[in-house]
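Worksheet: one structure, shown below.
The values are calculated or read from the model by the stated rules, or taken from the named source; none is laboratory data. No experiment lies behind these values; they were computed from the predicted model shown. When we count neighbours, we look across all protein chains shown, and the Cβ atoms used for this are built from the backbone with ideal geometry, even at glycine.
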Amino acid sequence: MRRPPRSLLLVLALLLTATGCGLAAPGGADTEPKVTILGPWTDTQEEQFKDVLDGLGIPYTYQGTAATREVLLAEVQAGNPPDIAILPGVGELVEYAEEDRLQPLTGLYDEKEYGRPWLPDAGGLDEHLWVPLKVDLKSIVWFRKGEIPPERPAPLRDWCLAMGDDGASGWPGSDWIEDLLLQQAGPVLYARWATGELEWTAPQVQRAWRTWAGLLAPGPDVLREAVLTGDHRGEEGGHGLLFGPGGCSLEHQGSFARALYGDRGDRADFVDSARLLPGGPYKVRAHEVSADFAALFGKGDRARALLKRLTSEQAQQEWAREGGVFSANSAVPSHAGAVAAKVGRRLTGQRVPLCLDASDVMPAAVRDAFYEAVLLTVAHPEEPVLPRLKDIQKVQREQPATIPRLTGVCGRPQ
């Protein structure tokens, strides 16, 4: 399987820009300047996010797409980036910062309310170039209430698995491998691997990858084909994989899965993933988390004002109420609800460190090679993993030495 050429990605991104976005702007005449925002939220989450934006009093245009990375790349190369871009990770933002495309966010938020891992460091860059707007817990397994999950790892047939995604097929498998490495090797080695210090061919990475492949290998070809081609969100108009027609009972997925379950979300609960991951059970050594980071590409005062209001405690609390999302801002309490409170305790508790999703902090080319290797492993889990890891390591070595390396991707919450 080969990655599509960059030119093809740009064409696809431009098509997505034209046809796959949602637009809104509160009040004012059509000629009034509007702040342009690109973000990853569509459908229900888009409407919830717009409700928050509508209350900020600044005219805006919001473009929601699952392919935020591709669309942003196309718009930047066309010379027309959005004023504010929201991306699921900082790996690409570091590259844009190195190209001097990002505006400092100094004075727009209080960095003391965040800390690691929500604000990782990038040596040589301004300290205030991005801020997390929404966070999710990933080291969890969802199950249907009333169906007690097993005490030990379950076979492949019990897992809700699908690799498909509009913008980055393969990432659900990368989450498995990341979580396995985190629980097997701990946060220190995980952070070294995520930031390029520990090579892909290291024994710890090989072990995690073989464990993932070992889960898939016993399954019949037809099941692996379904995993490879299925959409991680489930059937269109459905209730996600856990409440879909597949008959699976466990789903290793982030806390955002509640949105995929729709009106059946109150029938889902979760446990820490460590006891159910293949090769375990393991001790919970850390929790993998993800964040959607906002960066400022535009220089206008309106864009700065909107982002400042969006990161305020009031707006973050409103979004928590509207959309059931979680904030990295330590001043924002978790919203009401049993599942929400449970996620909040995992995110704010001092029991174990939190580590950012590894693929989200990697350079774009390395991340894409990671996803490709995941898909190849799903298709052929019986094949040796070392050649695939050597291929990713080769891509990593080819990255420009000028790109700053991130640090502080693991840390205890505020």
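Report yes if THR61 is free of Cβ contacts under 8 Å to residues at least 40 places away in the same chain, over 23 Å from ASP357 (Cβ atoms) and in contact with a strand residue (DSSP E or B) (Cβ under 6 Å, 6 or more places away or on another chain), otherwise no.
Yes.
Could you pull out the residue among SER334, SER327, SER312, SER273 that is at pLDDT 95 or above and of a type in the set (Ser, Thr, Tyr)?
SER273
Only one of PRO82, PRO59, PRO117 is assigned by TED's automatic domain parsing to the domain that holds PHE326 and surrounded by fewer than 22 Cβ atoms within 10 Å (Cβ to Cβ); which?
Testing whether each residue is assigned by TED's automatic domain parsing to the domain that holds PHE326 and surrounded by fewer than 22 Cβ atoms within 10 Å (Cβ to Cβ) leaves just PRO59.
Of the residues PRO218, PRO172, PRO245, which is surrounded by fewer than 22 Cβ atoms within 10 Å (Cβ to Cβ), under 26 Å from PRO149 (Cα atoms) and in contact with a helix residue (DSSP H, G or I) (Cβ under 9 Å, 6 or more places away or on another chain)?
Answer to the selection: PRO218.
Among the helices (runs of 4 or more DSSP H) confined wholly to the stretch 170-283, which include 1 or more residues that are acidic (Asp, Glu) and in contact with a Leu (Cβ under 9 Å, 6 or more places away or on another chain)?
Fully inside the stretch 170-283 and qualifying: 171-185.
How many residues are modelled with pLDDT under 95 and surrounded by 14 or more Cβ atoms within 10 Å (Cβ to Cβ) if we restrict to the stretch 389-405?
4
What pairs come up if the first residue lies in the stretch 67-91 and is within 17 Å of MET362 (Cβ to Cβ), the second is assigned to a loop (DSSP other than H, G, I, E, B) and among the aliphatic types (A, V, I, L, M), and their beta carbons are under 7 Å apart, counting only those six or more places apart or on different chains?
Close Cβ pairs satisfying both conditions: GLY91/MET362.
Identify all residues within the stretch 376-412 that are under 18 Å from ASP179 (Cβ atoms) and either among the small types (Gly, Ala, Ser) or within 18 Å of the chain's Cα centre (by Cα) (or both); write none if there are none.
Hits for the stretch 376-412 are VAL409, CYS410, GLY411.
For the stretch 180-226, which residues satisfy the criterion of being in contact (Cβ under 8 Å) with a residue 24 or more places away in the chain and in contact with a Lys or Arg (Cβ under 7 Å, 6 or more places away or on another chain)?
LEU182, GLN183, GLN184, GLY186, PRO187, THR195, GLY196, THR201, LEU216 - these are the residues of the stretch 180-226 that are in contact (Cβ under 8 Å) with a residue 24 or more places away in the chain and in contact with a Lys or Arg (Cβ under 7 Å, 6 or more places away or on another chain).
Does the stretch 145-154 contain any residue that is of a type in the set (Gly, Ala, Ser), surrounded by 14 or more Cβ atoms within 10 Å (Cβ to Cβ) and in the same structural domain as VAL339 (by TED's automatic domain parsing)?
no
For the stretch 248-298, how many residues are touching a Cys at 6+ places or on another chain (Cβ under 9 Å), surrounded by 19 or more Cβ atoms within 10 Å (Cβ to Cβ) and either among the small types (Gly, Ala, Ser) or within 20 Å of ARG345 (Cα to Cα) (or both)?
Qualifying residue count, the stretch 248-298: 6.
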